[in-house]
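Structure first, then comments.
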Amino acid sequence: MAKPDPKAAREERLAARLRENLRRRKAQARQQNESDAALPKPDAGG
């Protein structure tokens, strides 16, 4: 049983991968922001 449009199926897979990648990057950025907030800020003065 062949798919009617392999190009559409490919684009659908790529779109799903892009969404997953974006979600993963956002989660990593949130985690990085949380860990940065937990660290004390260095003094600006010398």
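Compute the signed sum of charges (Lys and Arg +1, Asp and Glu -1) over the other residues within less than 13 Å, Cβ to Cβ, of Ala29.
For residues surrounding Ala29, the net value is +3.
Across the stretch 22-28, in residue order, what do the Karplus-derived ³J(HN,Hα) couplings come to in whole Hz, using 6.51 cos²θ - 1.76 cosθ + 1.60 with θ = phi - 60° and x for Gly and Pro?
4, 4, 5, 5, 5, 5, 5
Rule-based calculations on the coordinates, nothing more; no lab input. Model, not experiment: these values are computed from the prediction. Please note: Cβ atoms are built from the backbone with ideal geometry, for glycine as well, and neighbour counts cover all protein chains shown.
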